[in-house]
């Protein structure tokens with residue numbers, strides 16, 4: 001089975017590793033992105049970034065940082081899947097939601113209790129809303145109406161008057177009254193589908209509800225261990241992803257270190273693309289010389305300069321990663337152990353043949 | 001490898017030693033002066049102070065709560081943007097790597113992370129595995145968890161509670177148990193907004209006192225060396241000294257440790273209804289031999305409060321400085337992250353500063369009052385050197401007091417206190433006593449057989465300077481710091497208690513986790529192989 005390629009041609013793993021090291025060594029501004037990997041892979045990637053002065057980014061950084069911005073600029077109530085299931089008599093769903101993971105459990109027939117569900121602007125997803133023992137009320141439809149709807153609800157909950165909106169005043173009145181009457185409510189949204197300012201309005205609404213009752217939130221995050229990678233960035237650098245090491249210390253700038261911008265402006269001359277959970281190729285066509293660490297079958301628009309096939313965490317090898325079902329980092333054994341190397345192994349092999357070991361100087 | 005530290009003033013209160021002489025180390029351990037003395041390396045410590053490595057018993061350095069605070073506050077990180085010197089918390093050691101290095105530079109070699117929710121234990125241990133040089137340990141937080149509250153509700157036997165506590169200690173790889181506002185977080189989920197020692201958790205029908213007593217008893221019966229570590233109810237509120245006094249009285253002869261007591265040293269006297277009650281509190285501690293405390297000293301400057309006391313943090317969220325916060329209704333305790341800025345000009349903050357120092361100075365025995373700032377809640381741990389200096393000099397305190405609001409100082413006894421800590425008392429408080437409090441018989445002293453964790457300081461009148469950067473630090477016999485700079489980076493271990501426990505509970509826990517969480521309980525465990533370091537744990541025996 002082929003496991004390494006240079007410019008699309010199968011090679012021995014050592015040759016691919018040597019070529020990757022050569023590209024990294026020759027680079028003035030390397031970029032490590034994708035970062036769809038387990039905790040060990042993220043640790044290795046950040047260590048390498050520190051050593052070579054690279055930028056570290058993640059394929060889901062946009063939505064992660066959008067959500068994080070709420071906490072970084074105002075306030076946020078959070079809860080866990082288990083607590084939501086144990087306590088929530090009310091769910092406030094905002095925008096389209098993929099019905100997976102903890103959300104599905106909360107609205108399923110096997111949920112711990114019957115809940116009152118309000119779904120604001122579900123787009124087409126509302127049609128599939130779970131019902132059964134839960135009561136579901138759809139309010140509004142299109143995503144673009146969500147900010148105004150939330151603002152109007154927030155105003156009514158705070159007892160302020162509002163002007164005319166697309167939603168009937170009587171409906172707003174009823175929903176705000178019902179939300180205030182909940183015992184423990186949980187607001188849920190998909191961070192990939194709701195804009196930061198809208199999330200901020202929703203979080204403000206939740207905070208206001210806590211003046212008299214209990215309300216919290218359970219944002220749904222993208223896959224690819226995005227939250228796990230965020231945590232590792234946090235403890236290793238003190239900062240989230242979109243952090244560069246070129247200055248010799250970690251420097252966080254969500255605009256400057258956005259992969260797409262770096263690629264688009266030609267500011268990077270070597271990309272390490274990591275996607276171990278899915279055979280995902282980079283979303284851009286033209287790019288700097290690329291070292292891809294992904295599952296073997298990734299369909300690249302342009303063959304990467306170096307491609308090393310890596311195993312899927314928790315399938316081919318044991319892994320630690322974020323589990324949406326628990327909301328924590330968990331250690332999982334390999335379900336189908338194989339010979340495929342892990343991202344951490346691949347990076348440590350590349351790092352071990354780099355011709356220098358100090359931080360790069362500009 | 002035989003190493004000799006030659007001619008320093010050796011201060012080792014655990015062994016009654018304060019003299020000028022040598023310390024010898026071989027293969028990571030302290031040894032008696034060998035008869036045939038041909039060292040492989042000799043370090044001249046003439047004119048220097050030689051102590052065991054310091055031990056911090058309560059410092060929030062790792063885990064989901066701490067990491068969330070990092071992500072919440074990019075502006076507190078030195079690297080967030082180029083800034084003039086003295087950026088808030090830039091000196092705090094904000095990544096795990098800086099944390100280990102900053103501690104080592106001050107001569108600290110063991111640090112306890114005191115608030116790990118068992119379900120976040122793996123996360124905390126991953127961070128600790130990335131914290132260099134120092135050894136570390138964690139306390140597992142219980143007391144708002146459904147399983148324990150249900151046991152108490154059902155009037156289950158003491159042994160059922162012991163089995164559960166032992167199971168938690170093992171699954172989370174902790175060294176002891178902490179309880180944080182017992183029952184308060186569970187009550188908050190039922191919309192309760194204030195919770196005291198004799199208040200009852202709705203639904204479960206158990207009081208905070210019952211929870212504390214049950215855990216205290218279980219920890220003691222299991223022989224866990226560290227007594228139950230208690231974060232009392234009503235943290236930070238005027239008049240809360242009564243809660244602390246009630247909790248001290250509730251010790252009832254069994255060991256009990258009260259954390260960051262400064263935050264409970266408040267009376268409600270004066271025009272603003274906020275005063276120091278430290279003198280009353282110190283008197284009660286002096287009279288209760290079974291009680292130990294740590295201080296949680298406040299120092300002025302921007303910081304962030306990180307606490308599993310979700311109720312307290314929720315109530316404080318709108319007083320955040322800067323205005324942002326995060327409150328987690330967690331599987332058990334949850335957490336609250338609320339940035340705060342302690343200001344010299346603020347009456348309340350000045351009283352808090354004084355209360356901490358009063359406790360240090362009015363509690364008679366340095367081995368019963370432990371040195372903490374509740375990092376980063378009262379102040380970042382990097383402010384320790386300034387606090388040592390304040391404890392050792394009444395003149396320095398007088399200069400600080402002169403700069404603080406008179407109205408605040410009038411509400412405390414601090415200006416009248418003349419006591420000055422000696423170096424021996426500092427060593428007892430930060431070395432000998434913490435080792436004893438955690439059952440670490442081979443730490444905190446320089447007798448033969450001890451782990452060769454040694455801190456050497458250049459003796460000088462400027463105590464802050466002296467303690468800020470150690471002249472030499474040895475970790476397990478290896479030189480890791482010279483003149484405050486890291487010379488060699490090692491990876492310490494996590495100290496965890498070794499229990500012989502009854503396996504009969506395992507099946508019950510498996511069923512409980514399937515029912516309550518819908519996942520195998522295995523998911524929450526901390527396997528050594530997941531931490532990415534060889535032999536990440538060191539086991540500490542229980543009392544027999």
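The values are calculated or read from the model by the stated rules, or taken from the named source; none is laboratory data. As the structure is a computational prediction, the values presented were derived from the model and not from experiment. FYI the Cβ positions are ideal-geometry reconstructions off the backbone, even for glycines, and counts take in every protein chain you see.
Points to keep in mind about this one:
- When residue A:249 is tested against (1) more than 30 Å from residue A:154 (Cα to Cα); (2) touching a strand residue (DSSP E or B) at 6+ places or on another chain (Cβ under 7 Å), just one condition goes unmet, and that condition is (2).
- Consider the range B:337-348 and keep the residues that are assigned to a strand (DSSP E or B) and farther than 15 Å from residue B:70 by Cβ. The one that is farthest from the other protein chains (Cβ to nearest Cβ) is B:342.
- Of all the residues in the range A:232-252, those that are touching a residue at least 40 places away in the same chain (Cβ under 8 Å) and touching a helix residue (DSSP H, G or I) at 6+ places or on another chain (Cβ under 6 Å) number 8.
- Pick from the range A:123-144, criterion farther than 12 Å from residue A:107 by Cβ and assigned to a loop (DSSP other than H, G, I, E, B), ranking: modelled with the lowest pLDDT: A:124
- Positions within the range A:207-217 being within 10 Å of chain B (Cβ to nearest Cβ) and touching a strand residue (DSSP E or B) at 6+ places or on another chain (Cβ under 6 Å), in sequence order: A:207, A:214, A:215, A:216, A:217
- All told, residue B:422 falls short of being under 23 Å from the mean Cα position of the chain (by Cα), touching a residue at least 24 places away in the same chain (Cβ under 8 Å) and more than 28 Å from residue B:43 (Cα to Cα).
- Filtered residues of the range B:103-117 (kept if crowded, with 24+ Cβ neighbours inside 10 Å and either at the interface with chain A (Cβ under 10 Å from one of its Cβ atoms) or assigned to a helix (DSSP H, G or I) (or both)): B:103, B:104, B:117
- Screening the candidates B:248, B:177 for the property of being buried (at least 20 other Cβ atoms within 10 Å of the Cβ), away from chain A (no Cβ under 14 Å), part of a helix (DSSP H, G or I) and in contact with a strand residue (DSSP E or B) (Cβ under 9 Å, 6 or more places away or on another chain) yields one hit, B:248.
- Any hit, the range B:308-316, residues being closer than 27 Å to residue B:359 by Cα, more than 11 Å from every other protein chain (Cβ to nearest Cβ) and more than 21 Å from the chain's Cα centre (by Cα): yes
- Segments classed as helices (runs of 4 or more DSSP H), wholly inside the range A:50-115, with at least 3 members that are under 23 Å from the mean Cα position of the chain (by Cα), over 16 Å from residue A:187 (Cα atoms) and within 14 Å of another protein chain (Cβ to nearest Cβ): A:61-73
- Taken residue by residue, the range B:86-99 has at least one member that is farther than 30 Å from residue B:330 by Cβ, modelled with pLDDT under 95 and more than 14 Å from every other protein chain (Cβ to nearest Cβ).
- The range A:253-290, subset outside any loop (DSSP other than H, G, I, E, B) and in contact with a helix residue (DSSP H, G or I) (Cβ under 8 Å, 6 or more places away or on another chain), residue surrounded by the most Cβ atoms within 10 Å (Cβ to Cβ): A:272
- So residue B:321, is it closer than 22 Å to residue A:69 by Cα, more than 11 Å from chain A (Cβ to nearest Cβ) and outside any strand (DSSP E or B): yes
- Residues of the range B:183-208 satisfying the condition of being touching a strand residue (DSSP E or B) at 6+ places or on another chain (Cβ under 9 Å) and under 20 Å from residue A:80 (Cβ atoms): B:183, B:184, B:185, B:186, B:187, B:188, B:189, B:190, B:191, B:192, B:201
- For the range A:220-234, taking the residues that are part of a loop (DSSP other than H, G, I, E, B) and modelled with pLDDT of 95 or more, the one that is farthest from the other protein chains (Cβ to nearest Cβ) is identified as A:224.
- For the range A:84-120, the set of residues classified as closer than 29 Å to residue B:318 by Cα, surrounded by 17 or more Cβ atoms within 10 Å (Cβ to Cβ) and touching a residue at least 60 places away in the same chain (Cβ under 8 Å) consists of A:84, A:87, A:88, A:90, A:91, A:92, A:93, A:94, A:95, A:118, listed by residue number.
- So residue A:353, is it more than 14 Å from every other protein chain (Cβ to nearest Cβ) and touching a helix residue (DSSP H, G or I) at 6+ places or on another chain (Cβ under 9 Å): yes
- Matching residues, the range B:446-481, being surrounded by fewer than 24 Cβ atoms within 10 Å (Cβ to Cβ), in a loop (DSSP other than H, G, I, E, B) and under 23 Å from the mean Cα position of the chain (by Cα): B:469, B:476
- Test: residue in the range A:164-187 that is within 14 Å of another protein chain (Cβ to nearest Cβ) and in a loop (DSSP other than H, G, I, E, B): yes
Let's see how each residue does on (1) outside any helix (DSSP H, G or I); (2) under 29 Å from residue B:531 (Cβ atoms); (3) in contact with a helix residue (DSSP H, G or I) (Cβ under 8 Å, 6 or more places away or on another chain); (4) free of Cβ contacts under 8 Å to residues at least 24 places away in the same chain:
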residue: B:141; (1), (2), (3), (4): yes, yes, yes, no
residue: B:147; (1), (2), (3), (4): no, yes, yes, no
residue: B:150; (1), (2), (3), (4): no, no, no, no
residue: B:162; (1), (2), (3), (4): no, yes, yes, no
residue: B:165; (1), (2), (3), (4): no, yes, yes, no
residue: B:182; (1), (2), (3), (4): yes, no, yes, no
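- Residues that are assigned to a helix (DSSP H, G or I), away from chain A (no Cβ under 14 Å) and surrounded by 13 or more Cβ atoms within 10 Å (Cβ to Cβ) within the range B:507-544 comprise B:508, B:509, B:510, listed in sequence order.
- Flag for residue B:156 being within 14 Å of another protein chain (Cβ to nearest Cβ) and not in a helix (DSSP H, G or I): no
- Of all residues in the range B:44-74, those satisfying the criterion of being touching a residue at least 40 places away in the same chain (Cβ under 8 Å), touching a strand residue (DSSP E or B) at 6+ places or on another chain (Cβ under 9 Å) and within 14 Å of chain A (Cβ to nearest Cβ) are B:60, B:61, B:62, B:63, B:64, B:65, B:66, B:68, B:69, B:72, B:73.
- The residue that is surrounded by the fewest Cβ atoms within 10 Å (Cβ to Cβ), counting only those in the range A:301-330 that are within 9 Å of chain B (Cβ to nearest Cβ) and assigned to a loop (DSSP other than H, G, I, E, B), is A:325.
- Looking only at the range A:238-260, residues that are more than 17 Å from residue B:72 (Cβ to Cβ) and at the interface with chain B (Cβ under 9 Å from one of its Cβ atoms) come to 4 in all.
- Selection from the range B:189-209 of residues that are away from chain A (no Cβ under 14 Å), crowded, with 21+ Cβ neighbours inside 10 Å and part of a helix (DSSP H, G or I): B:208
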